[in-house]
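Only the coordinates and a few stated rules stand behind these numbers; no lab work does. As the structure is a prediction and not an experimental result, all values here were calculated from the model. FYI the Cβ positions are ideal-geometry reconstructions off the backbone, even for glycines, and counts take in every protein chain you see.
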Amino acid sequence: MSGADAARDLSADALVGVADILRCPVCGGAVEADRRAVRCGSGHVFDRARQGYVSMLSRPLKFHGDDAVMVGARGAVLDSGLYDPLLRAVAAAGAEALAAVDVDAGPAPGAPLAVDLGCGTGRYLAGVLELAGEARGIGIDASKAAVRAAARAHPRAAALLGDAWAELPLADSSAGLIMSVFAPRNSAAYRRVLAPGGAVMVVAPEPGHLAELVEGVGLLRVDERKQERLAAALDGFGEVRAETVRWSMRTTREQLAAIVGMGPSARHLDAAEVQARIARLPADQAVTGAVTVRVFRRGAPAVRSAPPP
Ligand SMILES: C[S@@+](CC[C@H](N)C(=O)[O-])C[C@H]1O[C@@H](n2cnc3c(N)ncnc32)[C@H](O)[C@@H]1O
Ligand SMILES: [Zn+2]
């Protein structure tokens with residue numbers, strides 16, 4: 001079996017393993033899944049793509065998410081180890097949140113489920129699953145390039161092409177954890193899909209994140225009021241954990257280009273101009289990472305409401 005076939009095989013097992021959670025995006029009915037497709041009792045069929053993901057859309061995508069170049073840059077940055085401090089913090093917070101959920105009390109007993117909305121390459125979801133025993137995962141992204149990568153991210157993670165703003169093809173009260181890592185947030189979906197006692201993890205940059213590239217290359221500045229808007233959008237949820245990860249990255253110019261290329265600024269900046277500005281930076285430019293990992297539970301009193309220092 002080739003490497004690609006083996007990876008595809010693993011993603012089939014992951015898909016079959018979450019079939020009890022999936023719902024038909026057309027009629028809302030329960031589904032069955034095998035290695036080739038997902039089918040509901042009313043005859044709606046969703047084939048598994050050659051690359052392992054399944055497209056389960058209730059309506060055509062209006063926005064197709066990150067393109068293959070951006071997803072490739074994001075994968076290169078995550079593979080290089082530059083974001084390891086953040087990957088570790090997300091994995092620990094996610095596994096802790098999942099461990100606190102009593103899955104058997106909810107309508108989908110079995111191994112707990114983590115859903116990553118806007119999962120990108122699936123690396124953060126894989127990190128959580130690695131620390132969370134038998135937990136299973138579903139990564140959802142609007143980008144085909146992203147879900148192709150996410151289908152190979154972890155043997156217990158299924159990958160779906162889907163829209164975080166549309167009705168999600170998931171059963172009510174089925175997820176112990178919903179993750180949003182630098183990705184869209186949909187609090188209405190959280191309310192419907194979260195199991196009793198389930199948690200939402202939101203990972204978002206602080207104003208100092210990648211500061212050297214904001215100055216030196218013209219990266220978009222992090223919105224100072226982002227945290228305020230986040231708290232307002234998650235009305236009814238209490239923050240139970242907040243950790244700001246600050247770290248320093250020693251980078252090559254190639255890595256700097258990948259950091260710029262993986263973010264939203266890649267859409268706004270001229271590629272040649274970015275290259276020229278990177279060339280003017282020191283060869284081993286240090287770059288600051290500053291990202292907060294927050295966990296919220298519905299109805300929980302906030303143990304920490306002040307913004308991080
Ligand atoms: C900045 S990337 C973060 C990816 C990943 N969470 C990570 O941190 O590596 C944002 C991701 O959200 C996806 N995305 C954007 N809008 C979306 C939507 N409406 N539904 C699903 N995914 C979306 C993009 O395709 C992209 O993969
Ligand atoms: Zn159906």
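For the reader, a short list of remarks on this structure follows.
- Contact map, region 14-31: first residue over 17 Å from Ala175 (Cα atoms) and touching a residue at least 12 places away in the same chain (Cβ under 8 Å), second residue hydroxyl-bearing (Ser, Thr, Tyr) and more than 16 Å from ligand 1 (Cβ to nearest atom), Cβ cut-off under 8 Å, separation 6 or more or different chains; pairs are Val26/Ser42; Cys27/Ser42; Gly29/Ser42.
- Candidates Leu117, Leu78, Leu61 - the one that is in contact with a helix residue (DSSP H, G or I) (Cβ under 9 Å, 6 or more places away or on another chain), touching a residue at least 60 places away in the same chain (Cβ under 8 Å) and within 16 Å of ligand 1 (Cβ to nearest atom): Leu117
- Within region 33-58, if we keep just the residues that are hydrophobic (A, V, I, L, M, F, W, C) and out of contact with any Gly (no Cβ under 8 Å at 6 or more places or on another chain), the residue that is nearest to ligand 1 (Cβ to nearest atom) turns out to be Val54.
- Search result, residues across region 182-213 that are touching a Pro at 6+ places or on another chain (Cβ under 9 Å) and within 16 Å of ligand 1 (Cβ to nearest atom): Phe182, Glu206
- Restricting region 69-84 to residues that are crowded, with 16+ Cβ neighbours inside 10 Å and not aliphatic (A, V, I, L, M), the residue that is farthest from the chain's Cα centre (by Cα) is Ser80.
- Test: residue in region 139-146 that is farther than 17 Å from Ser11 by Cβ, touching a helix residue (DSSP H, G or I) at 6+ places or on another chain (Cβ under 8 Å) and within 16 Å of ligand 1 (Cβ to nearest atom): no
- Residue that is farthest from Leu269 (Cα to Cα), among those in region 64-75 that are among the aliphatic types (A, V, I, L, M) and either touching a Gly at 6+ places or on another chain (Cβ under 8 Å) or free of Cβ contacts under 8 Å to residues at least 12 places away in the same chain (or both): Val71
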